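Working notes for the structure below.
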Amino acid sequence: MARNRLSITFKAIAMALVSSVFFSTPCLLALPQPFHQHSLRKRQKAAILQSDKIGLGLHTKVSSGNHSRKIHRMTANEKHITSKLVDAGKNADWPNVERIYKLYTGQATPVHTAAMVAAYRCARYEEGSAMFARMENCNALMDHAVYTIALKLFGKLRRQDAIDKLWAEDANVVNEVLCAGRINAAAEQGDIDEAVGVIDLMYARRIEVDLGHFSSAINACKHADKPSHSSALFLLEKMLEGGMTPNIVTYCSLAAAHRCAPLENLKHIRAIMAKQQLRANNVFVEIYLTSLFRKHLSAEWATVEEVVRDLKGFSKHCVLEGADVISE
């Protein structure tokens, strides 16, 4: 149902785009009411969270490696607590995460890791970093999964000192999981050089580089103070050369990194997707339009006339491209 409502909204915007090109007076068709209730910005935020969770899904696993501390054998109750924390995190149920974790007093690494991942999913980054400090204080095992999620949390908080400290502590046992966390932390700060540098390090040490690593690095291009569409495209080309198949989330990040790019560069993204036979979804269209018109799509648009007013001054080619991506 939500997708159908969004499709109607897009059609209304498309009418505005086309009318701004071919008619001197735009059609005063009111946009559907659901447009006001479901802000495009909220869906764009959901897309960003989804791209973040690629790393969680592919890389955040509990390691069996021992970093000089004895591995804690989990009890049946600790396994149950871990499961509850995972479920609460997936449902973004922070009150439940907080309640469960406060009652736990043990040292089992999976319990603490699940709580930190849940904090990340709930966008409670300060609380997640406090969970990491609690782990350190209780002398719990610090494995690759812990360092990875801690790097993600510190990246969100832009705590470079903490990131550098963690990376240095585990530098001698770098693997694909830890590298994923370091790239993600760099991505949050828009540090393209660091993100690409980690990928270079992985190739040099013959560590497997996968879709998640490259997608996170493209996020660095998106989050940079001056988004770098050329760097993002370079990373995409490296993915393709490596035989990887970028997914729609990767292309969402790529489109976001093109918000200062010329029209032809944006159109090139769609050409690559067409060659891959990958269809755009609603989230991609929203991000693409945001980059195309160099502004967040306003949730305050109530009529086609307002859309035309806001897009005044854009070239005919740019406006037609917006209408074309909507109609795809």
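Compute the length gained on full extension between Glu237 and Lys275: take 0.36 nm times their separation in residues and subtract their Cα-Cα distance, giving the result in nm to one decimal.
On the way: separation 38, 0.36 × 38 = 13.68 nm, distance 1.33 nm.
Result for the pair: 12.3 nm of gain on full extension.
Kindly state, to the nearest 0.05, the FRET efficiency for Glu264 paired with Ala204, given R0 = 35 Å and r defined as their beta-carbon distance.
0.50
Taking the Cα-to-Cβ direction at Arg309 and at Ser327 and moving 7 Å from each Cα, how far apart do the two end points lie in nm?
The two pseudo-label positions are separated by 2.7 nm.
Beyond 22 Å between alpha-carbons counts as too far, so tell me which of Lys238/Lys316; Lys152/Lys238; Lys79/Lys165; Lys79/Lys102 fall in that bin. Present the calculation step by step, with values, prior to reporting the outcome.
Details: Lys238/Lys316 33 Å; Lys152/Lys238 24 Å; Lys79/Lys165 30 Å; Lys79/Lys102 16 Å.
In this structure, Lys238/Lys316; Lys152/Lys238; Lys79/Lys165 lie more than 22 Å apart at Cα.
Since every read-out is calculated from the coordinates, none of them should be taken as a lab result. None of these values were measured; they are calculated from a predicted model. Positions of Cβ are generated from backbone atoms using ideal geometry, with glycine treated the same way; all protein chains shown enter the neighbour counts.
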